[in-house]
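Report on the following structure.
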Amino acid sequence: MSEYNHKATEPKWQEYWRENNIYRVENDTTKPKYYVLDMFPYPSGAGLHVGHPLGYIASDIVSRYKTLCGFNVLHPMGFDAFGLPAEQYAIETGQHPEITTKKNIETFKGQLSKIGFSYDWEREVKTADPSFYKWTQWIFMQLFNAWYCNESEKARKIEELIAIFEKSGNSNVNAACDDDTPSFTAEEWKNFSESEKAKTLLKYRLTYLSEALVNWCPALGTVLANDEIKDGFSERGGHPVERKKMKQWMMRITAYADRLLANLDNLDWSDPMKEMQRNWIGKSFGCELDFNVVDKDITLTAFTTRSDTIFGVSYVVLAPEHELIDELTTEEQKTAVEEYVNAAKNRSERDRMSDVKTVSGVFTGSYVTNPISGEKVQLWVSDYVLAGYGTGVVMGVPSSDDRDFRFATKFNLPIVLVIEGTEDMEDPTEKKHGKMINSGFLNGMDSKDAIKAANAKAEELGVGKAKVNYKMRDAVFSRQRYWGEPVPVYFKEDIPYLIDEADLPLELPAVDEYKPTETGEPPLGRATNWKYKGEYPYELTTMPGWAGSSWYFLRYMDAHNDKELVNKEIADYWNSVDLYIGGTEHATGHLLYSRFWNNFLADMEFISHQEPFQKLVNQGMIQGRSNFVFKVAGENKFVSKGLKSQYETSELHTDVNIVKNDVLDIEAFKNWRPEYKDAEFVLEDGKYICGHMVEKMSKRWYNVVNPDDVIEKYGADTMRLYEMFLGPLEASKPWNTDGIEGVSKFLRKVWNLFHNAKGEFQVSDGKPSKDELKALHLTIKKVAYDIENLSFNTSIPAFMVCANELSKLKCNKEAILKDYLIILSPFAPHIAEELWAKLGNTTSITKAKFPQHNEEYLKEDACLYPISINGKVRAKLEFPMDMGKDEIEKEVLASEAIAKWMDGKQPKKVIVVPKRIVNIVL
Ligand code: ANZ
């Protein structure tokens, strides 16, 4: 056999790895550990395209490398198996989402296994398996049974809180709790009814039931999280989303806001990622100020970060959802306000926040009093004020805030300058720290000091207090859907209770249809007699997609434990993920929720490490490279790119799989669509040249490349190398197969190093030469450095240069080729394994040791010195690298080549510049 045959070789080794369980990982705590994780995929019906494996290939290279370096490497894979598409399909077809999901997982696994990943499939997790979601439900129960103590800055058991209430009520409790939590004494607590106690505790529990304003998507029949909405539409399906008040399970993630912020400092994540999390958490220091309503016994509290601008307040605004709007609206303004409020309801929060240009609003007819200046100003309603942030009341300062300025201008409200030089409202932030004017006791101060002074004054007058606010809200945890984890809760007289731990998992019941019930209850409302102990109705919502993904990384550590979510010692051993690779789209959703749950589990001492992902790397997107044909208007005729200006044409996407180097395969195109069967083609130089463009890889644009096809044609090793060769891991880049042949050729060259001209396997046991050792060790050094720095694209040329060098040197020495194979094996494991076996090894190359480079071999051992006499180079002499100046001088002067230029004279000066030149002055 002469040619390398990937079709025979790759499946053979995949089979060998599987049969011999080569990638099995033991929890061997005597070895140093390394945990490499990919964000597990949602198994969509479309299968993988070449963009998906990019991160998986990178992580696979790192795990194989770390294994070769002697680490015990955890490199698992699993499936985020609950999700909307399978459920939508179930609604349309009646097929149980479990069946669809299973099928899709099979497809994914089939595709993944062809790429030759080193996953330990024995640790596979699927979030939709009852054996997995039993523990998701269990975590929910722990959260229900916990509260967050601000004093000790950690979660504690709810029993401890009850004990405190019994002893001293809640006046000394500093906890994360609902804003409307009343205070009570021990005596009052003891006299509470069971229902009152339960309701009070819900105000503290880390997961709680609450009436909340949510993003309701009528088309999907469910509530969506903020990160599932884009510009007022659902991310999946693009359906409109509206705000609605509903009873929901919530997660008190805000309790962890400070820790989620502080811990970021110690994580090895990119700055933009950290910044996105910081902005999402959005901690801001400000002040709450009380505005009394004129002639009414109502006080409105506004949250401001700029109390220094209090003298510039020319109106106050309420969010359209504010509870007191009716009471605050005068008879004359009633219709106008009602109309405005109704219209505002249908705008999503995101739209309202991002829309800074158009301002709208309506006067309530009421007035409020400025708590510091005593001035009376109008009270308005506007949707630029969000109900859920701060207090839902804003003091309008047109001279200092752009939006307020636009508002005041539009509605003819006064504008009072309070900071020097703010006349130019184009960029008011520029003037943030100017000097205060027209501001009573604040005059002359700079803005920073004025904020402090105004806060102090407000506190002194009892009209305000300093306040820290967060943008982040508690997370809605309920979904009105079928295909998710049931919430392990039942109701007795409207009070929620947890089911017994022994009754976990609470499995999804069968339903006749996957739609909401006629009365608008979630699909679980269709299950017949779905009651706890046959008596108490269960919670009917299910958990959101992010529940399972918030802790799956812990389950891989101890995937078959049926006693605990993870054994603590094992969790301590594997600890944080050392390298987590995934997309930037999870910057705020998944990555915050998992950090929250992991921190919580650490508080409860189920694990010891607070943060789940020590290092995070975001792989770039592989974009599609679309191809176009140019159709002549009104005819079934297509004209090649270069000639299209001679016709009136329209551009149509064509399938990239029937185009090579932008040349269309005309026969394949005719067969692609029945309507093109008889199409005519206008060619240039006998070819049809297509147009091209880089855009998202999507079925719509026919630019999706399936890894199966690439593997069929070139093999998995080529695909792996090629994906890495495309560019830096974190950069986005188009998939362009033009260069793939080069990579494939390189692997054939590697093959040929081990084979003679007749194609027979032939290696020698000769002693490596200096040049051979140098070529090899340069590559070892470079590749190890590159992998450690996740710079995979730069390793590929290094491998190529080395193979060329060895081939030039006609090196077929086993001593060299063996190490070359080992360092190549993380990238191209199949061919490496094949040649390794041919070398006579009986154990897998994955059990080998990554060679250490030896600096000695990299040293140049001699240096060629130009010898210049009176400025003219007269000879070149070679001396050992480590030879001293004096010795070089002696040798030069003694050499015959030089003697003839010296005319028997004694030199005036000899200057030896080490490793460069020798200058002789006569
Ligand atoms: C007066 C003022 C003057 C303000 C000024 C800003 C600049 P961050 O940093 O985001 O916390 N605000 C308060 N609650 C709001 C709500 N529910 N919806 C919309 N805007 C709200 O910003 C806090 C500032 O945003 C607050 O300070 C308030 O406007 C506004 F020159 O008060 B400020």
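Could you tell me which of the residues SER366, SER373 is touching a residue at least 60 places away in the same chain (Cβ under 8 Å), of a type in the set (Gly, Ala, Ser), away from the ligand (no atom under 13 Å from the Cβ) and not in a loop (DSSP other than H, G, I, E, B)?
On the way: SER373 fails: not in a loop (DSSP other than H, G, I, E, B).
Of SER366, SER373, the one residue that is touching a residue at least 60 places away in the same chain (Cβ under 8 Å), of a type in the set (Gly, Ala, Ser), away from the ligand (no atom under 13 Å from the Cβ) and not in a loop (DSSP other than H, G, I, E, B) is SER366.
Scan LEU318, LEU267, LEU300, LEU260 and give me the residue that is surrounded by 20 or more Cβ atoms within 10 Å (Cβ to Cβ), away from the ligand (no atom under 16 Å from the Cβ) and not aromatic (Phe, Trp, Tyr).
Within the list LEU318, LEU267, LEU300, LEU260, the selection yields LEU260.
Among the listed residues VAL750, VAL694, which satisfies the condition of being crowded, with 21+ Cβ neighbours inside 10 Å and not in a loop (DSSP other than H, G, I, E, B)?
Values: VAL694 fails: crowded, with 21+ Cβ neighbours inside 10 Å.
When all the criteria are applied, what remains is VAL750.
Would it be correct to say that PHE165 is of a type outside the set (Asp, Glu) and either surrounded by fewer than 16 Cβ atoms within 10 Å (Cβ to Cβ) or closer than 20 Å to ASN599 by Cα (or both)?
no
I'm trying to understand the selection: among the residues of region 702-718, which are over 24 Å from the mean Cα position of the chain (by Cα) and either assigned to a helix (DSSP H, G or I) or among the hydroxyl-bearing types (Ser, Thr, Tyr) (or both)? Steps first, please.
Filtering region 702-718 for residues over 24 Å from the mean Cα position of the chain (by Cα) gives 702-703, 708-718.
Passing the criteria: TYR702, ASP708, ASP709, VAL710, ILE711, GLU712, LYS713, TYR714, ALA716, ASP717, THR718.
Working only within region 446-477, note down all residues that are away from the ligand (no atom under 14 Å from the Cβ) and touching an Asp or Glu at 6+ places or on another chain (Cβ under 8 Å).
First pass over region 446-477, keeping only residues away from the ligand (no atom under 14 Å from the Cβ): 446, 449, 452-453, 456-457, 459-463, 465, 474-477.
Residues satisfying the conditions are ALA453, VAL463, LYS465.
Kindly evaluate PHE165 against the criterion of being over 30 Å from GLU521 (Cβ atoms), assigned to a helix (DSSP H, G or I) and over 32 Å from the mean Cα position of the chain (by Cα).
Yes, satisfied.
Tell me, please, whether a residue that is outside any strand (DSSP E or B), within 16 Å of the ligand (Cβ to nearest atom) and over 23 Å from ASN469 (Cα atoms) can be found in region 347-356.
Yes, some residue in region 347-356 is outside any strand (DSSP E or B), within 16 Å of the ligand (Cβ to nearest atom) and over 23 Å from ASN469 (Cα atoms).
Here's the yes/no breakdown for (1) closer than 19 Å to ARG625 by Cα; (2) touching a residue at least 40 places away in the same chain (Cβ under 8 Å); (3) among the polar types (S, T, N, Q):
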| residue | (1), (2), (3) |
| --- | --- |
| ILE658 | yes, no, no |
| ASN661 | yes, yes, yes |
| ALA679 | no, yes, no |
| VAL704 | yes, yes, no |
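Do we find that GLY634 is outside any strand (DSSP E or B), out of contact with any Cys (no Cβ under 9 Å at 6 or more places or on another chain) and either surrounded by fewer than 16 Cβ atoms within 10 Å (Cβ to Cβ) or of a type outside the set (D, E, K, R) (or both) in this structure?
yes
Which one of these is surrounded by 19 or more Cβ atoms within 10 Å (Cβ to Cβ), at pLDDT 95 or above and assigned to a loop (DSSP other than H, G, I, E, B): TYR34, TYR23, TYR56, TYR42?
The conditions single out TYR23.
Among the residues of region 109-131, what is the count of those that are without any contact (Cβ under 8 Å) to a residue 40 or more places away in the chain and buried (at least 19 other Cβ atoms within 10 Å of the Cβ)?
So the answer is 0.
I'm trying to understand the selection: among the residues of region 377-404, which are more than 7 Å from the ligand (Cβ to nearest atom), modelled with pLDDT under 95, in contact with a helix residue (DSSP H, G or I) (Cβ under 7 Å, 6 or more places away or on another chain) and not small (Gly, Ala, Ser)?
ASP383, PRO398, ASP402
Residues in region 755-786 that are touching a residue at least 24 places away in the same chain (Cβ under 8 Å), closer than 23 Å to GLY620 by Cα and in contact with a Ser or Thr (Cβ under 7 Å, 6 or more places away or on another chain): how many?
The total comes to 1.
Among the residues of region 84-103, what is the count of those that are closer than 23 Å to ARG123 by Cβ and buried (at least 23 other Cβ atoms within 10 Å of the Cβ)?
So the count comes out to 1.
With respect to ASP227, is the statement that it is surrounded by fewer than 16 Cβ atoms within 10 Å (Cβ to Cβ) and either more than 16 Å from the ligand (Cβ to nearest atom) or among the aromatic types (Phe, Trp, Tyr) (or both) true? Write out each step before concluding.
Working: surrounded by fewer than 16 Cβ atoms within 10 Å (Cβ to Cβ): no; either more than 16 Å from the ligand (Cβ to nearest atom) or among the aromatic types (Phe, Trp, Tyr) (or both): yes.
Criteria not met by ASP227.
Using the structure shown, decide if SER284 is within 16 Å of the ligand (Cβ to nearest atom), under 25 Å from the mean Cα position of the chain (by Cα) and within 24 Å of LYS457 (Cβ to Cβ). First the steps, then the outcome.
On the way: within 16 Å of the ligand (Cβ to nearest atom): yes; under 25 Å from the mean Cα position of the chain (by Cα): yes; within 24 Å of LYS457 (Cβ to Cβ): yes.
Yes, satisfied.
When you scan region 601-614, do you find a residue that is surrounded by 19 or more Cβ atoms within 10 Å (Cβ to Cβ), under 17 Å from PRO41 (Cα atoms) and within 17 Å of the chain's Cα centre (by Cα), even just one?
So far as region 601-614 goes, no, none of its residues is surrounded by 19 or more Cβ atoms within 10 Å (Cβ to Cβ), under 17 Å from PRO41 (Cα atoms) and within 17 Å of the chain's Cα centre (by Cα).
Checking the structure you have, find out if any residue of region 522-545 is on the phi < 0 side of the Ramachandran plot and loosely packed, with under 13 Cβ neighbours inside 10 Å.
Yes, the conditions are met somewhere in region 522-545.
This table checks each residue for (1) modelled with pLDDT under 95; (2) assigned to a loop (DSSP other than H, G, I, E, B).
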residue	(1), (2)
ARG481	yes, yes
GLY484	no, yes
PHE491	no, no
PRO496	no, no
ALA502	no, no
VAL511	no, yes
GLU518	yes, yes
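Are there any pairs with C-beta distances below 7 angstrom linking a residue in region 292-311 that is closer than 13 Å to VAL368 by Cβ to a residue that is modelled with pLDDT under 95 and within 16 Å of the ligand (Cβ to nearest atom), with the two at least 6 apart or on different chains, and if so which?
THR301/THR391; ALA302/THR391
The values are calculated or read from the model by the stated rules, or taken from the named source; none is laboratory data. These numbers come from a predicted model, not from an experiment. Neighbour counts run over all protein chains shown; Cβ positions are idealised from the backbone, glycine included.
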